[in-house]
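The values are calculated or read from the model by the stated rules, or taken from the named source; none is laboratory data. Just so we're clear, the structure is a prediction, and the values are computed from it rather than from any experiment. Backbone-built Cβ (ideal geometry, glycine too); neighbour counts: all protein chains shown.
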Amino acid sequence: MISAVRTPDSVAAAVGHAAAGGWLMAGGTVVMPQVNNGAVGFPELVSLRRAGIGGIELDGPIARVGATTTLAEVEESQELSFLRGAVRTVASPTVRNLATVGGNLFVAQPYGDLAVCLLALDASADITGPGGHREVPVGAVLAGGVASGEVVTAVRLAVPAPGTWFYHKAMRRKLNSAAIVAVAAVVETAAGVVTSARIALGGVAPTPVRAVSAETVLIGRPLESGVLEEAGRAARADIAPFDDAYASAWYRSRVLPVHLRRAFLG
């Protein structure tokens, strides 16, 4: 049972409460349902809302997005306007007004879609804990979380050049639905062929994954339907699909090539 709710006014204070066994909460869209259901193994909640780790800053091509920045704020941001379409596929406006960038890193289904984008963007996470500050790839956070007492304070990403960002999400409903397949990618071309590719997938594994096999297929080849279908089939080697209320593991694997192609060609 929760015995106290802490609202620290600094990162250092938040780290102290977390290290003492508190359960970190930003927007509360994941934490509060578990609290209400009694599925809590922590004595205290530690709200990050007053810790001063929100906001979006741009330094050249590098954006620093505070961990408590809401998805609605990302959606409205001019600096991150390329992400607007992806963010609008996440949950509902009500949830996006509360859900945060940092919290999205720790959610697989149903609302971890921004994390798929961050993985494709090769973003990094600023983390502060009892041992000090460190910066790690978002992929490492998605794979292993953070240590006890640590707080994600921001994510950093390079804003992609125009025409290099691609996103597509297949859903059961137009709004407020988990991904059957989500594809986010930064792909650069020159002289009609792919020179670099970084593709991330959601909905096809317990956490977002890189489609390294698909990237390998694309390098040195044009972004054409046949090549993309081949890349989609290759991507099956990188996924660990599952059954849920939205789709079966078999179906997710079956339609992956179709949706990877649609991410690039529509």
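The figures follow:
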| read-out | value |
| --- | --- |
| Unmet criterion (only one of (1) under 27 Å from Leu223 (Cβ atoms); (2) crowded, with 21+ Cβ neighbours inside 10 Å) for Val193 | (2) |
| Qualifying residues in the stretch 83-119 (those that are touching a residue at least 24 places away in the same chain (Cβ under 8 Å) and surrounded by fewer than 16 Cβ atoms within 10 Å (Cβ to Cβ)) - the one farthest from Asp59 (Cα to Cα) | Ser92 |
| In the stretch 14-46, the residues that are in contact with a helix residue (DSSP H, G or I) (Cβ under 9 Å, 6 or more places away or on another chain), of a type outside the set (D, E, K, R) and not in a loop (DSSP other than H, G, I, E, B) | Trp23, Leu24, Met25, Val31, Leu45, Val46 |
| Subset of the stretch 128-180 that is surrounded by 21 or more Cβ atoms within 10 Å (Cβ to Cβ) and in contact with a Pro (Cβ under 7 Å, 6 or more places away or on another chain) - its residue that is farthest from Asn104 (Cα to Cα) | Ala178 |
| Selected residue (only one of Ala245, Ala235 is under 26 Å from Gly85 (Cβ atoms), in a helix (DSSP H, G or I) and either outside the structural domain of Val181 (by TED's automatic domain parsing) or without any contact (Cβ under 8 Å) to a residue 60 or more places away in the chain (or both)) | Ala235 |
| Test for Arg84: is it touching a Lys or Arg at 6+ places or on another chain (Cβ under 6 Å), at pLDDT 95 or above, within 25 Å of Glu188 (Cα to Cα) and not aliphatic (A, V, I, L, M) | no |
| The stretch 162-202, residues that are without any contact (Cβ under 8 Å) to a residue 40 or more places away in the chain and of a type in the set (A, V, I, L, M) | Ala190, Ala191, Val193, Val194, Ala197 |
| Search result, residues across the stretch 3-42 that are under 18 Å from Val151 (Cβ atoms), of a type outside the set (A, V, I, L, M, F, W, C) and over 21 Å from the mean Cα position of the chain (by Cα) | Arg6, Thr7, Pro8, Asp9, Ser10, Gly16, His17, Gly21, Gly22 |
| Unique match (being in contact with a helix residue (DSSP H, G or I) (Cβ under 6 Å, 6 or more places away or on another chain), over 17 Å from Leu24 (Cβ atoms) and at pLDDT below 95) among Val95, Val90, Val74 | Val90 |
| Out of Leu142, Leu175, sole residue that is outside any loop (DSSP other than H, G, I, E, B), modelled with pLDDT under 95 and among the hydrophobic types (A, V, I, L, M, F, W, C) | Leu142 |
| Ser10 of a type in the set (S, T, N, Q), touching a residue at least 24 places away in the same chain (Cβ under 8 Å) and either closer than 20 Å to Leu105 by Cα or outside the structural domain of Ser77 (by TED's automatic domain parsing) (or both) | no |
